[in-house]
Amino acid sequence: MNKKLLSLLLSIPFLLSVFILAPTKVKAIECTMDTAGKSDQQLQEILTQCEKEISEQKGVLETTKKTSSLLQGNITTLTSKIKTMALEIKSRNIKIKQLGDNINTKTGEIIKLSSRVDDIRESIAKIIRESVMLSNYTVPEILLSNDNLSGFLKDTDNYTIINSSLHQLSLELRGLKDETEQAKKDLENKQNKEETLKLQQEKAKRLNETYQTENQKLLKYTKSQEATYAKAIAEKEKVRTEIKNRLFRTVGGVEMKFGDAVKLLAPYEDVIGVDSALVLAILTQESSVDGVIGRNIGKCTYNQSAKNKNGTVMSNSQKPSFLAIMDELNMNADTTPVSCPIYQDGQYGGAMGPAQFMPSTWWNVETKMGYKNRVASVVGVSVPSPFVPRDAFVGTALYIKDAQRICYGAFSKTSDVWACAASKYYGGLSLKGSTLSKYMYNTYGYGHQVADRAAQFSKDIDLLNN
């Protein structure tokens, strides 16, 4: 709040105290309608007192009007900013969609160019094989062959020319493929920047909406005393403290204060381009903020007996990746807790850490792919761990980013994008159609509940940060 506005607000209770709270003297003249039996001198004194109080009232009224005017001006300015930001966010959504389409086009071109390069390489190999066959002929064999000598030499020259031409075309196509791949990378970088800017604009828009609401509330306080406003501030501070210290429980059973969880994600929010509120909403398992975590989270070990085809908590397909992760982190695979099977949702458990990553999703030992390397790049460590809250939270944010990129093409409202991304986090990036809609729009659907929780977390985070 600017100093001028604060000065005006603080002056109101002081001015009110001049004529309302000042101690009354026993013989003080009052402005009263009771004039019966009063002398001319007494009537004059009453008139003077009335004029004095009228002047004071006008001063308070004028101060109140100035304060209201300033607040109304702030509200008008903020309303304009909010509308402008909303339009810019819509424009940025279109840019992100266009960049995504261009990336898909470049990917298609790269596949075609790779196929052409492979065809040319096969042609060159064929020519080389036939050239080798020609070089095996002796001079007598050439002279005694049915073909005349000039025709034989002509064919040899043709092989050389074709071979050289194909080799040159292969080099040109390879160069074009490299240029196309670089163009694709440039488009992906632009898309990342646009997504980060969109996130920042959404946060700024939300913050301005908060400021606008506060200014509207302050309009009602312009005729109140300073103590009333101080009480409102104290109540807000109390709520802020409660939010900061509220226990935050992750799906993996890790508990920490909500304020600490926000601080943990804050340095990576803009880098990844995903709102912390959505990440935290997905990471929490509860149906409500202060709910209780399911009993089977992190209560089993990977090779523990279970009622499924493999006979163990973790499926055989996940075990090689899990053992590789345990070895790299120098952890005991036999004692490290993982999630138990939830038989109504699937036969197997085995999810790891606060974010419940499946081993092959974190790091697939066969394909050498997974979120591990991306997390390492973001947080700046060589070996991240799915059991460390920071690394697990960043991994979740990266997964949500992949889901959001798909959702941006179909939805423009933030709540819909959040519900879509959360649904894909729960059901897989390929989730679509009626199942996606069921998760997104059903009152009890995972995506719908996460989006609602994220909206509340956004307000809580804004209050913590301001």
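The values are calculated or read from the model by the stated rules, or taken from the named source; none is laboratory data. None of these values were measured; they are calculated from a predicted model. Note that we place each Cβ from the backbone using ideal geometry, even for glycine, and neighbour counts take in every protein chain shown.
I'd like the full set of residues that are modelled with pLDDT of 90 or more and of a type in the set (S, T, Y), limited to region 317-347.
So in region 317-347, the residues modelled with pLDDT of 90 or more come out as 317-338.
The answer is S317, S321, T335, T336.
Evaluate the following for Y348: is it in a loop (DSSP other than H, G, I, E, B) and touching a Ser or Thr at 6+ places or on another chain (Cβ under 8 Å)? Steps first, answer last, please.
Numbers: in a loop (DSSP other than H, G, I, E, B): yes; touching a Ser or Thr at 6+ places or on another chain (Cβ under 8 Å): yes.
Yes, satisfied.
Looking at A410, A376 in this structure, which one is touching a Pro at 6+ places or on another chain (Cβ under 6 Å) and surrounded by fewer than 20 Cβ atoms within 10 Å (Cβ to Cβ)?
Selected residue: A376, the only one of A410, A376 that is touching a Pro at 6+ places or on another chain (Cβ under 6 Å) and surrounded by fewer than 20 Cβ atoms within 10 Å (Cβ to Cβ).
Determine whether region 358-372 contains at least one residue that is out of contact with any helix residue (DSSP H, G or I) (no Cβ under 7 Å at 6 or more places or on another chain), outside the structural domain of S91 (by TED's automatic domain parsing), assigned to a helix (DSSP H, G or I) and surrounded by fewer than 22 Cβ atoms within 10 Å (Cβ to Cβ).
Yes, some residue in region 358-372 is out of contact with any helix residue (DSSP H, G or I) (no Cβ under 7 Å at 6 or more places or on another chain), outside the structural domain of S91 (by TED's automatic domain parsing), assigned to a helix (DSSP H, G or I) and surrounded by fewer than 22 Cβ atoms within 10 Å (Cβ to Cβ).
Restricting to helices (runs of 4 or more DSSP H) lying wholly in region 209-288: which have 1 or more residues that are at pLDDT below 75 and farther than 27 Å from T196 by Cα?
By residue number, 226-245.
Taking the stated definitions as given, is Q449 over 21 Å from Y268 (Cα atoms), touching a residue at least 40 places away in the same chain (Cβ under 8 Å) and crowded, with 16+ Cβ neighbours inside 10 Å?
Yes, satisfied.
Surrounded by fewer than 18 Cβ atoms within 10 Å (Cβ to Cβ), modelled with pLDDT of 90 or more, among the acidic types (D, E) and in contact with a helix residue (DSSP H, G or I) (Cβ under 9 Å, 6 or more places away or on another chain): is that true of D402 in this structure?
The answer is yes for D402.
Counting only residues that are part of a helix (DSSP H, G or I) and out of contact with any Gly (no Cβ under 9 Å at 6 or more places or on another chain), which one in region 428-446 is farthest from T361 (Cα to Cα)?
By that ranking, first place goes to S434.
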